[in-house]
Amino acid sequence: MRNKETKRRQKNALLAAPCSLWMIAFIIIPLLMIVYYGLTKREDGSLTLENLKLIADPINRRALWLSLKLSIISTIVCVLLAYPLGLMLRGLKIKSNSFIVLVFMLPMWMNFLLRTLAWLNILENNGILNTILKTLRLPTLHIINTPTAIILGMVYNFLPFMILPIYNTLEKIDENVINAARDLGANGLQTFFKIIFPLSIPGVISGITMVFVPSLTTFVISNILGGSKVLLIGNVIEQQFQKLNNWNSGSGLSLVLMVFILLSMAFVGQDENTGRGAATW
Amino acid sequence: MEQKKLIDLVHITKRYGNNVVIDDLNLYIRENEFLTLLGPSGCGKTTTLRIIGGFETPDEGKVIFDGKDITKLPPNERHLNTVFQKYALFTHMTIAENIAFGLKIKKKSKQYIKDKIKYALKLVNLDGYENRMPDSLSGGQQQRIAIARAIVNEPKVLLLDEPLGALDLKLRQDMQYELIRLKNELGITFVYVTHDQEEALTMSDTIMVMNQGYIQQIGTPEDIYNEPENAFVADFIGESNILDAVMIKDYTVRILGVDFPCDSAGFGINKPVDVVIRPEDIDLVAPEEGTISGQVTSLIFKGVHYEMEVLAGGYEWLVHSTDLSAVGTNVGIRVDPYDIQVMNKPESKDEEAANYEE
Amino acid sequence: MVKRISQRIYIALIIIFLYAPILVLIVLSFNKSKSRSKWGGFTFDWYKRLFQNENILNALYTTLLIALLSALFATILGTTLAIALNHMRRLPKAVLSSIANIPMLNAEIVTGISMMLLFIAIDFKLGFSSVLIAHITFNIPYVLLSVAPKLRQTNHSTYEAALDLGAKPLYAFFKVIFPDIFPGILSGFLMAFTMSLDDFVISHFTRGAEVQTLSTKIYTETRKGIKPEMYALSTLMFVSVLILLILINHRSAHAEKEKTIK
């Protein structure tokens, strides 16, 4: 009996082996490489904290600060847009929720760089938006190449990742649970704050991480919609690697960035199955 | 003793699109009554309950509660509470918080709430469960909590929507006695929805049998069982032999071409009718002593009795008896006149609904 | 009533917000003028030229091949891991699934950079293979995410019953477990395919100089101006996916209806 159990475990370990080895080779070791480069000197490979300290450099510090600010704002905007939408979509009581998933996932099938570029057409000083405003004799807006444009780009690109988990948790709340609250004397507002919102928190958390992390670390959106005028931490890191070829400083800054990602996850209470995509499909 | 009417449903009609779920339903519920709404799924029983609870508004008609029209009142302003199908506990709250929910909304004092939680948990035999989470409880326990959560609010009426549907048989039977005990201890009105006829017969003071949005029969469990008003009720409540027959004259009914004496009168001469004969009301006798005779075609031991099928007059009669007749035995069938329940054939639209098929 | 109308308007506005850029791109694909900010009249030219543009067609081929292969390998690796995890004790299970989730939770830029560093350190030439390996790696968690819940739902006793009836374990697996988890495997595969197709950042760091995917090609063109053929291509891809999804949805809705009738 015991023998059989050990045999079963061995077989299971054998089954887990290919993928585990793959993950060690291409997830763990690469991360250790970043740690290694981040903590060593470029010239002689000796141990140093210089690369981490680079974050204190005014340009880098400003970039990190701006990234944090813009990503927090876009995350908040996404929650504010997505939560009411989730409630409304729940109210529609559409039988197949795959249809709703489809509507919000479909834009992903057009290349995201192109979609972001299309916002240039819309937001430019002589773009579609301003043309519409002009015909309506309203004052035109200068958005392109400003932080506002980048926030818009972030919200645009990551909003579906906020909508779907929120909608999914809201949609799963049993109608009778809400009825029960009403039955026990709660009015609409009380039912929302005591029942619906608390039950939807896992979806909100999942949405927050799915929007916050990519917003914090993007360099593409700022590159396209910010011109070269707005520098985010992602841009700084990318330049270290692609333009300056300084892997050590780039790795050091990446380490700092990862600390912020970990902090944000700890902050929102990330648990095992609420990762990006978790509630999406 | 005639008790006061507590709830009065007057000419209630409810449609979903073109689908009429409840058609002109009239029903009153007396104080302290255990009323069961019984019927197959989709018969409108749950909708009726939801209209009383305030989760649905009828398209026509009025709901009168304690003399006041509450048709348009939202659920949170009604003095009744509901125990939902699948319990609908708040999974993000402890048991104590679940039970306290309604009381906190009503801004009761801390001490009052604490006492009530203790009292309610004791009442449903779950003392000491205050700090558990709903997910850690079994189905039966969750059911008790759902009941406790409703009754701490001291409703005049407790609405129960198939509360035992998700439990296994043994637990369901235990909970039936539990519910009867609760009702007696609390002295409040219970309106109970189920599709389980045994549950209805066991617990109710009054049963209302529904099908396709119409009331088929209202009466005590004994009335419903012994004197079903139509073939639907007969078929739905318990097992029975339902046969086409002709009322030859008063006190004589022709079943499968054979005249049986019965105790029904007033149907007219040569009138087609349905008759119901309960399997336990059939006596198997020697072939020559029976009103009609045939052969036993199957035999199953059921514990309390044997279940036999007897082919006689071209019909498979279902017979329950404590005496065994082996397969192949020739037997006679005899039924006491008062055990033959004669019913009108469905005629009106109302009764067409009775053409219930499984 | 007012509430309902304003809700509809809100939903419509969000959908317009999400689809406006797509509309712009579709319009641009029919624009005679090469400049994206000028309308020069209607034309089908870009669609014709697209099929003569070797560069774009090559990038498309690379992109699709990487998406297909990476989704396939990730599905195999992810599914075997999911099955193994299902029978594992708590700690190794938690450790392995956390590791698998890293590429999904971490910043894409960090994942891309870390792999680039590895490939360069071991002197692995950056190119098609390195991009493929990177894509397989970041696709594994999406497969795991779709397969694991299905595995939890499968009834292990049917598998044991199959063994009891004399089936070999592998045979029993393919006959009993596999059909149950197949929808999860399929959706994992599709998700991996989509993620790979849409990826830019990780390809950007791991591709080296020779290989171009559609994303990296678009990125290099952003400064000098996108070739309008690219708009035509992305319109074609979008429309074909749209049609495909409508067909699938229609069919499943149809199947659903038939089920309810029965």
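The values are calculated or read from the model by the stated rules, or taken from the named source; none is laboratory data. For clarity, every value in this text was computed on a predicted model and none was experimentally measured. For neighbour counting, all protein chains shown are included, and Cβ atoms are generated from backbone atoms with ideal geometry for every residue, glycine included. Just so you know, the surface numbers come from the protein's heavy atoms only, side chains and all, with ligands and any DNA or RNA stripped out. Shrake-Rupley method; radii C 1.70, N 1.55, O 1.52, S 1.80 Å.
For the range C:198-220, give me each residue that is modelled with pLDDT under 90 and either buried (at least 23 other Cβ atoms within 10 Å of the Cβ) or within 9 Å of chain A (Cβ to nearest Cβ) (or both). Of everything in the range C:198-220, just one residue is modelled with pLDDT under 90 and either buried (at least 23 other Cβ atoms within 10 Å of the Cβ) or within 9 Å of chain A (Cβ to nearest Cβ) (or both), namely C:198. Apart from one condition, residue B:94 fits all of (1) within 14 Å of chain A (Cβ to nearest Cβ); (2) open to solvent by 60 Å² or more (accessible area, probe 1.4 Å); (3) polar (S, T, N, Q); the exception is (2).
Filter the range B:41-89 for residues that are of a type in the set (Phe, Trp, Tyr) and under 22 Å from the mean Cα position of the chain (by Cα) and give the result. Residues satisfying the conditions are B:55, B:84, B:87. Looking at the range B:256-351, the strands (runs of 3 or more DSSP E) lying wholly inside it that each contain 2 or more residues that are not hydrophobic (A, V, I, L, M, F, W, C) sit at B:258-261, B:271-277, B:292-301, B:306-312, B:315-321, B:330-335, B:341-344. Restricting B:27, B:73, B:49 to residues that are in contact with a helix residue (DSSP H, G or I) (Cβ under 9 Å, 6 or more places away or on another chain) and at pLDDT 90 or above narrows the list to B:27.
Across the range C:92-124, what is the number of residues that are touching a Gly at 6+ places or on another chain (Cβ under 7 Å) and more than 7 Å from chain A (Cβ to nearest Cβ)? Walk me through it before giving the result.
Filtering the range C:92-124 down to residues touching a Gly at 6+ places or on another chain (Cβ under 7 Å) leaves C:101, C:104-105, C:109, C:113.
Narrowing further to those that are more than 7 Å from chain A (Cβ to nearest Cβ): none.
Qualifying residue count for the region: 0.
The residue that is nearest to the chain's Cα centre (by Cα), among those in the range C:1-55 that are touching a residue at least 40 places away in the same chain (Cβ under 8 Å) and within 12 Å of another protein chain (Cβ to nearest Cβ), is C:22.
Inspection of the range A:104-111 finds a residue satisfying the criterion of being over 30 Å from residue A:197 (Cα atoms), open to solvent by less than 30 Å² (accessible area, probe 1.4 Å) and not basic (Lys, Arg). Taking the criterion of being more than 22 Å from the chain's Cα centre (by Cα) and surrounded by 21 or more Cβ atoms within 10 Å (Cβ to Cβ), the only residue of the range A:192-215 that qualifies is A:195.
In the condition set (1) more than 25 Å from residue C:245 (Cβ to Cβ); (2) within 19 Å of the chain's Cα centre (by Cα); (3) within 11 Å of chain C (Cβ to nearest Cβ), residue A:106 is compliant with all but (1).
Determine, yes or no, whether residue C:58 is touching a residue at least 24 places away in the same chain (Cβ under 8 Å), open to solvent by less than 30 Å² (accessible area, probe 1.4 Å) and not aromatic (Phe, Trp, Tyr). Reasoning before the result, please.
Numbers: touching a residue at least 24 places away in the same chain (Cβ under 8 Å): yes; open to solvent by less than 30 Å² (accessible area, probe 1.4 Å): no; not aromatic (Phe, Trp, Tyr): yes.
Considered against the rule, which asks whether it is touching a residue at least 24 places away in the same chain (Cβ under 8 Å), open to solvent by less than 30 Å² (accessible area, probe 1.4 Å) and not aromatic (Phe, Trp, Tyr), residue C:58 comes out as no.
Whenever a residue of the range A:205-222 is without any contact (Cβ under 8 Å) to a residue 24 or more places away in the chain and at the interface with chain C (Cβ under 7 Å from one of its Cβ atoms), its partners that are part of a helix (DSSP H, G or I) and acidic (Asp, Glu), lying with C-beta atoms within less than 8 angstrom and at least six residues away or across chains, give the pairs A:219/A:238.
Residue selection: residue C:128 fails the criterion of being at pLDDT 90 or above, within 19 Å of the chain's Cα centre (by Cα), surrounded by fewer than 17 Cβ atoms within 10 Å (Cβ to Cβ) and more than 11 Å from every other protein chain (Cβ to nearest Cβ). For the range B:33-44, a tally of residues being within 20 Å of residue B:230 (Cβ to Cβ) and either open to solvent by 10 Å² or more (accessible area, probe 1.4 Å) or assigned to a loop (DSSP other than H, G, I, E, B) (or both) returns 6. Of all residues in the range C:231-258, none that is modelled with pLDDT under 80 has its Cβ atom under 9 Å from the Cβ atom of a residue that is surrounded by 15 or more Cβ atoms within 10 Å (Cβ to Cβ) and outside any helix (DSSP H, G or I), 6 or more apart or on another chain.
Those residues that are without any contact (Cβ under 8 Å) to a residue 60 or more places away in the chain and under 13 Å from residue C:222 (Cα atoms), I need them from the range A:223-243; list them, please. Steps first, answer last, please.
Going through the range A:223-243, the residues without any contact (Cβ under 8 Å) to a residue 60 or more places away in the chain turn out to be A:223, A:228, A:237-243.
Matches in the range A:223-243: A:223, A:228.
If the requirement is being in contact with a helix residue (DSSP H, G or I) (Cβ under 9 Å, 6 or more places away or on another chain) and either of a type in the set (Gly, Ala, Ser) or more than 21 Å from residue B:31 (Cα to Cα) (or both), which of these qualifies: B:159, B:167, B:179?
Numbers: B:159 fails: either of a type in the set (Gly, Ala, Ser) or more than 21 Å from residue B:31 (Cα to Cα) (or both); B:179 fails: either of a type in the set (Gly, Ala, Ser) or more than 21 Å from residue B:31 (Cα to Cα) (or both).
Matching residue, one of B:159, B:167, B:179: B:167.
Only residues that are touching a residue at least 60 places away in the same chain (Cβ under 8 Å) and either in contact with a strand residue (DSSP E or B) (Cβ under 7 Å, 6 or more places away or on another chain) or within 7 Å of another protein chain (Cβ to nearest Cβ) (or both) were counted in the range A:113-151, giving 3. Tell me yes or no: at least one residue of the range B:90-110 is farther than 23 Å from residue B:134 by Cα, within 32 Å of the chain's Cα centre (by Cα) and part of a helix (DSSP H, G or I). Looking through the range B:90-110, none of the residues is farther than 23 Å from residue B:134 by Cα, within 32 Å of the chain's Cα centre (by Cα) and part of a helix (DSSP H, G or I). Each residue in the range A:225-237 was checked for being crowded, with 24+ Cβ neighbours inside 10 Å and either touching a Lys or Arg at 6+ places or on another chain (Cβ under 9 Å) or facing another protein chain (nearest Cβ under 8 Å) (or both), and 2 pass.
Every listed requirement among (1) part of a loop (DSSP other than H, G, I, E, B); (2) closer than 29 Å to residue B:133 by Cα is met by residue B:57 save one, (2). Report whether or not residue C:113 is open to solvent by 10 Å² or more (accessible area, probe 1.4 Å), among the β-branched types (Val, Ile, Thr) and part of a helix (DSSP H, G or I). So residue C:113 fails the test.
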